[in-house]
1. Where in the stretch 304-374 are there trypsin sites (Lys or Arg not before Pro) that are in a DSSP coil and have at most 11 other Cβ atoms within 10 angstrom of their Cβ?
2. From the C-alpha gyration tensor of the chain, pull out the three semi-axes of the equivalent ellipsoid (sqrt of 5λ each), sorted largest to smallest, in whole Å.
3. Considering all projection directions equally, how large on average is the shadow of the alpha-carbon convex hull of the stretch 124-256, in square nanometres?
4. For Arg16 and Thr259, calculate 0.36 nm times their separation in residues minus their Cα-Cα distance, and state this gained length in nm to one decimal.
5. Over the stretch 304-369, what is the relative contact order in whole percent, taking alpha-carbon pairs under 8 Å and six or more residues apart?
6. How large is the Kirkwood hydrodynamic radius of the stretch 149-203, in angstrom, based on all distinct alpha carbon pairs?
7. Quick check on the stretch 1-88: take the gyration tensor over C-alpha atoms, sort the square-rooted eigenvalues as a ≥ b ≥ c, and tell me if it's rounded (a/c under 1.5), prolate or oblate.
8. In the stretch 77-149, which GluC sites (Glu not before Pro) fall in coil by DSSP and have 13 or fewer other Cβ atoms within 10 Å?
Amino acid sequence: MADFLLELRCEEIPARMQPKAKEDLARLFTEALAKAGLPVGAIETFATPRRLALIAKDLPLATQAVSEETKGPKVGAPPQAIEGFLRKVGLTAEQLVERDGVYFAVVEKPGRDTAEVLAETIPAIIRTFPWPKSMRWGAASLSTESLRWVRPLSGIIALLDGAVVPCEIDGIASGSTTMGHRFHHSGPVEIADAGSYIETLRAAHVVVHFSERCDLIRDGAAKVAAEAGLSLVADEGLVIENAGLTEWPVPLLGRFDETFLDVPPEVIQLTARVNQKYFVCQTPDGSLANAFVCTANIDAADPAVVVDGNRKVLAARLSDARFFWEQDQKTSLAEHAKKLSRITFHEKLRTVADKVERVAKLARWLVEAEIVKPVEDTPQAKTKLYNDVQNAAALCKADLVTEMVGEFPELQGLMGGYYAAKEGLPQEVSDAIRDHYKPVGQGDEVPTAPVTVAVSLADKLDTIVGFFAIDEKPTGSKDPFALRRAALGVISTVLTNRLRVRLSVLIGEASRAIAQTPYVSDYIEAGAKFKGAAINPRHVGFESIDFFADRLKVQQREAGVRHDLIDAVFALGGEDDLVRLLARVHALQAFVTTEDGTNLLAGYKRAANILKKEDWRGIEGEIAQTGEEDPLAMVDDPDLAPVIAAKMADRHAAAEHLSYTPEPAEKALIDALDVAAPRAAQAVEAEQFADAMAALATLRAPIDRFFEEVTVNDADANKRAARLALLARFRDAVHRVADFSRIEG
C-alpha cells in the first residue's frame, strides 16, 4: 500500500472558490481511480491562495487483472451483425466464446502499476476541472485547445510513496518541489513524501489546512481585541474569507479616528467588512469601538507599519461613508421618495413608486379593518396608528435612492430608519421603515410593533400577489423574486402577532390594488386571464392560498407538525385563518396519535371507501362524495357553509325515519351521532378544538361495533340505502372537524 500526494500550484485562487475546489478535486480523483479499478481509502484535501492539494492514503501498488465480457449477437445471426460486433471488440471470430447460443467477447486485461494509472489521471483531472471561472495564458492561449485553469498553473507535485509520478501537461512537468510563503521563504521547497507535506510547508510559513487557518484567525483576532480591553464582533463568514486570502494569517489590531463613530455602526462594520475584510470590535458596554482587526499574510518585523497602512485605507473608505451619510441627510425622505418613480419594480408591475402606493393603501386597510390594532384601545391611539402607518408606508422605500444604499444595498430599510429618526419623525415610523423587510430568513426577528406589522405585511402581500398575478410564480428550485421567503414572513408575522384574519381576505384586498396596475388591468379588460373588476380569486387567490399552505407546512415541519394534518384542515375550505387553523391542527395531531384517534381514522376510511365504491347517491339524489370531493371542502364562501350544513341535517333527519327496526349496533351509532355531531360542531364554532376531538372520540366504539355486527349492503334496498346514509352522516360529522381522507395512516 502507498500514499499519494498531488499538489497543483498556481497564482491566487479566489477565496470563494477554494471550498468547492477541494470537494471537486476529491470527487474527480475518486471517480477516476474507481474507473481504473483502484480502491481509494482516506482522502484529505487542502486549499490555500496558491495551491490545491490532495493526499490519498493506502493505495494499492497495482490494479488487479480483470476479465471484461461483452455480450454479442446470437449464433446464426446475419454475417453483417457478427462482423460489426467483431470490429467493436477488436477480436476475430475464433476468439469469441459461445454460451447458450450467444456469442461473447472475453478480454483479459492485465493489472497495471498504480503510478501508470495516476500518470494518466492527473492531466485528465486538470483539463476537466470545473472552475466557475477559468483563464488561458501565455502564447498558447491563442488556441482554444490550450490549458484552462483558475489562474496560471505553475507547478505540479505528484509523489507516490516518495517517488515522482511522471506526467506533463502544457509544458508543466510533475516533480517533487513546490514554493513556500511568498515573503517568508525563498527558493524551492523539496517535498519528500505525502506524510511530510504538511510540516515541510509549515516550516516554509505555509499553513495548508484551511480549518487550521480559520482557527488561527478566529482565536488570534479575539485575543488581540481582548488585549485592548475590547470584544470582537463575531463574523464567521469573514473568518472563512480571510482564511482563503492568507497562507500564514496574523491578526493585528488597529484604531481609526473616533469622529467616524458619528456614522451608524452598521455602516462602519459593513465598510470594514466588504471593502477591507476587517473585523470590528465592541466596548464593554456593547457600543462600537474605534478599532478594527485586519488579517496580515505576513509575520511582520514591525506590525505597527502594517497596521498603519491598513488604517489609512480604512480611513479613506470611512470618509466616503461619512460623506454619503451627510449628503443623504440634506434631502428629506419625502423628497427622496419622489425619485422612486424612476425605478422599475417590474416591467409588468410598474415602478417602485406604484408599489409604495399599493403598500400604503393595503397597510391603511389593515388598520381600518382592525386586523392590526394599537396597543391601547382608544380613539387617539387608533388615529395615531393610522397616521403613523400612512407615513411609514409612504417612506418605506425612500432610502433606495440614497447614496448610502446605492453603495451598500444591504442597508436598505436600515438607513431609511436612521434618516427618519434624524428628521425627527415618530419613533414608530422610523422603526417601521427600518424593520419592514423583516423577517428576512429563518430565525430572523419577527416584527411586533403595530406600525411595523402593518407595513411589513402589506409589502410582502403586495409582492406575492403581484407576481402571482403576472404569472411569475416560483417553479421547482427557482424563486427569483424570493416569494417563498416573503410567504414565510407573512406566516410568521400573522402567527407571532396572532392576527385574526383569513388569508383569502388578505389576498383579496391585495388583489384589488394589484388589479389597478395598468398591465394587469389590460388583462382584465381583455378577459385574457381574469374576469370582473378585480383579480378573480379562482385565478390568483386559490393559487396563492395553496402556495401559503405549502410554506406553512415547511415552517411547521421543524415544530414537529405533520404536513398531512395541515392538508386535512385546509381541505375543509374556508379555514384559512392561520391562528385558528394551527390551533385545530395541534388538537388534531394530539387526537390522531391516541388509540381512539387511530381507530376512528380506520373506521372513517372504511366508511369513505364503501361510499365511494357504491357511488352512493343520497336520499335526495345527491352524489355522496368523499375526500377531495366532500361538499364542505368545495365551499369557497364560508357564509355558504351553514346552508350546506342545514341541507345535510335535513337529509340526515329524513334518514332517521326508517321503514324498519334498526339493529342494536346500528341504533347505537345513530344515537352516538345524535350527541357527538352537534357537540363537535359547536366546539369547532367556539374554537374549542380539543373538545371537538373528544366528541369525535365517542364515535370510535359505535363505528367499530357497527362494522362488526351490521351488513351495510343488505339485500333489502331500504336497509342498504339507510345504512349508506348513516355512514355518510358519520363521514360528514368527522368532516366538520377535518378532512380525514387527507390524513396518512
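1. On the way: sites: Arg311, Lys312, Arg317, Arg322, Lys330, Lys338, Lys339, Arg342, Lys348, Arg350, Lys355, Arg358, Lys361, Arg364; in loops: Lys330, Lys348.
Taking the stretch 304-374 and a limit of 11 other Cβ atoms within 10 Å, the loop trypsin sites (Lys or Arg not before Pro) found are Lys330.
2. Equivalent ellipsoid of the chain: 61, 47, 24 Å, largest first.
3. If you wrap the Cα atoms of the stretch 124-256 in a convex hull and average its projections, you get 11.2 nm².
4. Details: separation 243, 0.36 × 243 = 87.48 nm, distance 3.39 nm.
84.1 nm is the gain from fully extending Arg16 to Thr259.
5. Computed value for the stretch 304-369: 15 percent relative contact order.
6. Details: mean 1/r = 0.0824 Å⁻¹.
This gives a value of 12.1 Å.
7. Here the stretch 1-88 falls in the prolate category.
8. Passing both the DSSP loop test and the Cβ count: Glu145.
None of the figures in this text is laboratory data; all of them are computed from the coordinates on show. Given the structure is predicted, the values throughout are model-derived calculations rather than measurements. For neighbour counting, all protein chains shown are included, and Cβ atoms are generated from backbone atoms with ideal geometry for every residue, glycine included.
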